[in-house]
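A quick write-up on the structure given underneath.
The values are calculated or read from the model by the stated rules, or taken from the named source; none is laboratory data. Just so you know, these numbers come straight off a predicted model, no measurement behind them. Heads up, the Cβs are rebuilt from the backbone with ideal geometry, glycines too, and the neighbour counts pull from every protein chain shown. Surface areas here come from the heavy atoms of the whole protein model, side chains and all, with no ligands, DNA or RNA. Shrake-Rupley method; radii C 1.70, N 1.55, O 1.52, S 1.80 Å.
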Amino acid sequence: MRLEKIKLYNFKQYRDFEIDFSKFPQDNKDFHVIVAKMGVGKSNLLEAINWCLYGKELFGNIAKPTDPNVLSNSCLDKDGTHTVRVVLNLKDTDKNEYFINRYSKFKVSDRKATSLNEVYLIFGKNNELVRKELDAKKEVEILMPEDLRDHFFFNGERLDNYFDNVQSEKITKVIKKMSGLDTLENFKEFLEKVENRYIKMIRVNEKSETQKEELEKNLNRIKVEKKESEKLLEKTRGDLEATKKELQDVDLQLEKLKEYENIKKQIELLQKRLNDLNSTRKNILKEKVQTVLELSTLMFGWLAVEKVYQENFEIDFNYNYLPSNVIENALSENKCPVCGKELDELHRNHLKYFSSNKEFVITKKEYMELIKSIKDLEIKRRNLNNQLSDTLPKIEETEQELYTAEANISQTASEELGKLYRRRNELESQIQQLNQRIGQLDSKIEILSEKEKETEMKISELAIQDSSNINKKIDFVRKIEQIIIKTMLNRKKEIRDEITSYVEEYLSKLMWKRDLIKKVEITESFSLNIFDSYENMILNRLSGGERSVLTLSFALAMHKAAGVNAPIIIDRPLANISGDTYDKLIEMFAKISEEKQIIIMLTDKEYQQSAELLNSLASTIHILEMNETSEVIISDRIAKGE
């Protein structure tokens, strides 16, 4: 079964909208992607399909087709009668075409909508229409059973929590219904009532009337107690499965906490590393401040230095450290004040320059040394900046590691460890008690069954001759009951084995970690357990992507076991997924679509993350946007083969 087309009129953001899922004939996949920004209306498209099929939403709050909240806000601007309509066109593998049309009328006055309680559901197959709503509902139920919709409509959250306790209860009910076990249980109850009626019809002698009444009361008490014990047994088995799963959670947490001491040591090392890095940063900053200060001093005074130097750049020797009288004596005696040799013309001119009351003199050598100092300081400043650039990311990285480690240690405090070990002991004790309780209830039911037979036998023995026909009827009903009970046991085992086999089949096709799951088990209460190669239960240890694979494998198994071939539609399946798993899930959807239509809805950001892969695998990609009147439109369509 595939969804060919959806038409929406006045349904929430969809004023007049149509989306077509036709695909290129040579495309062996049936994989479709709908892309829209948050708030545009992806989820409401999924809810519109549910509203059309069942008159209510799956994840939203609308529980009946007359709820005015389905009406588009744009209709509130115009008083009068407005119709909300959703039309689905489907086609099965035998090329039968189906048409499902639901519409509901509303009256708008002063921007307020009220239902006119005019709701219609029309079902069509190959142009033959079923207009009576009850008949149309039956046809929809045959085509896409409402009890199974949790197994072909998903969102990201449902993919993740598919096997929680609430969902497990729903799954159990669905399996019982689709396998016929609920019908067998109801028939068994009916036979019990028939048997009780026949027993009351047994005639006895007047002397035995009182004894018969007492036996009937006792028989009724035994049957009530037996039924209550059977219900309690089923509940206890469910409690046992839930307790085992909780123990699995606790073991998983304890396994994580085995690294407690390692995390503590890691924190100590990280704190030391952080302290060292902060100390290095402090020293670098201190040295940088001093370097910048020295460099700034030179740079700010450089114009003055340059001016002085230009005035005496020919001077190679600086004599301004000599007293003026020494310089004057040297000039008069024509002898060097330092070495005592006779002055040549160059040195005599230098001494004359220094004797002319110059307050500041820079020689060429000193000038070159100043230039070198500036260059060295600039190189030093750059090196310090580079050291700082290397140190700051290390500090940030270490702080992040420390934050993560401290977050882990906060969850692994010794008190928490103690609580978990205590809880583990409690759960192990509960499991032991529940197993004992199951054994006791099994024994009790067996004893009550024997008492039931004995009491029925005593009543039969009291019967007078003309009750023989009734006894024959009772025997016949009891034989049928035994056949039904045996059939129920066989059917329960059969459906468990069937679903287990299908889950294993799909897991082997879809799971990229081939050795992750070694064994799949469907329990007597129809909950799912999976085990690794060491016989450890690992359901709660799976990543988000792995749980998604398991969920879809189980859903596909349910479809196959129920004989239903409905498309699978998922709103934001990648919402909680990241890394390599993102692309692996997309490839998995494409693989599933080779045998069943898959429609997924993504945000624009989710699409961009793997646009190239999606464009290569998807049969169609529809880009949705809101126009200036806040109505959803298709802004672009990408189709393989076009």
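Positive end of the charge dipole of the chain (Lys, Arg +1 and Asp, Glu -1 on Cβ, about the Cα centre): tell me which of S389, A618, T66 has its Cα farthest that way.
The residue sitting most towards the positive pole is T66.
What Kirkwood hydrodynamic radius, in Å, does segment 213-282 give when the mean of 1/r is taken over all pairs of distinct Cα atoms and then inverted?
Hydrodynamic radius (Kirkwood, Cα only) of segment 213-282 equals 17.7 Å.
Could you sort M178, M201 by accessible area so the largest value comes first, with the probe set to 1.4 Å?
Listed by decreasing accessible area, they come as M201, M178.
Please compute the contact order of the chain in relative form: average sequence separation of alpha-carbon pairs under 8 Å and at least six residues apart, divided by the residue count, as a percent.
The value is 25 percent.
Could you state how much accessible area I464 has, in square angstrom rounded to the nearest 10, with a 1.4 Å probe and all protein chains kept in place?
50 Å²
Ordering S467, S168 by how much accessible area each has at a 1.4 Å probe, largest first, what is the list?
The ordering from most to least exposed comes out as S168, S467.
For a quick check: with amide H placed at 1.01 Å from N, whose amide H comes under 5 Å from E118's, ignoring anything fewer than 5 positions away on the same chain?
Excluding prolines and chain starts, which carry no amide H, the hits are K105.
On a 0 to 90° scale, report how tilted helix 181-201 is relative to the longest principal axis of the chain, with both axes built from alpha carbons and the result rounded to the nearest 10.
30 degrees
Kindly express, to the nearest 10 degrees and within the range 0 to 90, the angle between helix 468-510's C-alpha long axis and the longest C-alpha principal axis of the chain.
The answer is roughly 20 degrees.
Can you tell me the 0 to 90 degree angle between the C-alpha axis of helix 414-462 and the longest principal axis of the chain, rounded to 10?
10 degrees
Using 28 Å as the Cα-Cα cut-off, could you pick out the over-long pairs in K56/K112; K91/K112; K519/K584?
Beyond 28 Å between Cα atoms: K91/K112.
With +1 on each Lys and Arg Cβ and -1 on each Asp and Glu Cβ, how big is the dipole of the chain about its Cα centre, in debye rounded to the nearest 20?
For the chain, the charge dipole is close to 1500 debye.
Could you tell me the relative contact order of segment 30-187? Use alpha-carbon pairs under 8 Å, at least six residues apart, and round to a whole percent.
Relative contact order of segment 30-187: 14 percent.
Expressed as a whole percentage, what fraction of the accessible surface of the chain belongs to carbon and sulfur atoms when a 1.4 Å probe is rolled over the protein heavy atoms?
Of the solvent-accessible surface of the chain, carbon and sulfur hold 48 percent.
Just to make sure I understand: if all protein chains stay in place, what is the order of M511, M38 by accessible area at 1.4 Å, largest first?
Listed by decreasing accessible area, they come as M38, M511.
Determine the per residue accessible area of segment 3-43 with all protein chains present and a 1.4 angstrom probe, expressed in square angstrom.
42 Å²
If a/c stays under 1.5 just call it rounded; otherwise compare a/b with b/c (prolate if a/b is bigger, oblate if not). Do that for segment 421-517, with a ≥ b ≥ c from the square roots of the Cα gyration tensor eigenvalues.
The shape class here is oblate.
From the convex hull of the Cα coordinates of the chain, what is the mean projected area in square nanometres?
With every direction weighted equally, the projected area is 54.5 nm².
Would you check the accessible area of L134, probe 1.4 Å, heavy atoms only, in square angstrom rounded to 10?
The accessible area of L134 comes to roughly 130 Å².
Once you have a ≥ b ≥ c as the square roots of the Cα gyration tensor eigenvalues for segment 104-188, tell me rounded if a/c is under 1.5, and otherwise prolate or oblate according to whether a/b is larger than b/c.
Oblate, because a/c is 1.5 or more while a/b does not exceed b/c.
With the dipole of the chain worked out from charges on the C-beta (+1 for Lys and Arg, -1 for Asp and Glu) around the Cα centre, which of V520, I499, F531 lies farthest toward the positive end?
Final value for the positive-end residue is I499.
For segment 150-295, with only Lys/Arg (+1) and Asp/Glu (-1) charged at the beta-carbon, what is the dipole magnitude about the Cα centre, in debye rounded to 20? Each step should come with its number before you reach the end.
Numbers: 32 positive and 31 negative charges, 29 e Å.
It works out to roughly 140 debye.
Under a cut-off of 16 Å between alpha-carbon atoms, report the aspartates and glutamates in cross-link reach of K596, not counting same-chain residues fewer than 8 places apart.
Once the sequence-local aspartates and glutamates are set aside, what remains near K596 is E4, D27, D30, D92, D94, E505, E587.
Could you state how much accessible area D92 has, in square angstrom rounded to the nearest 10, with a 1.4 Å probe and all protein chains kept in place?
Approximately 30 Å² for this residue.
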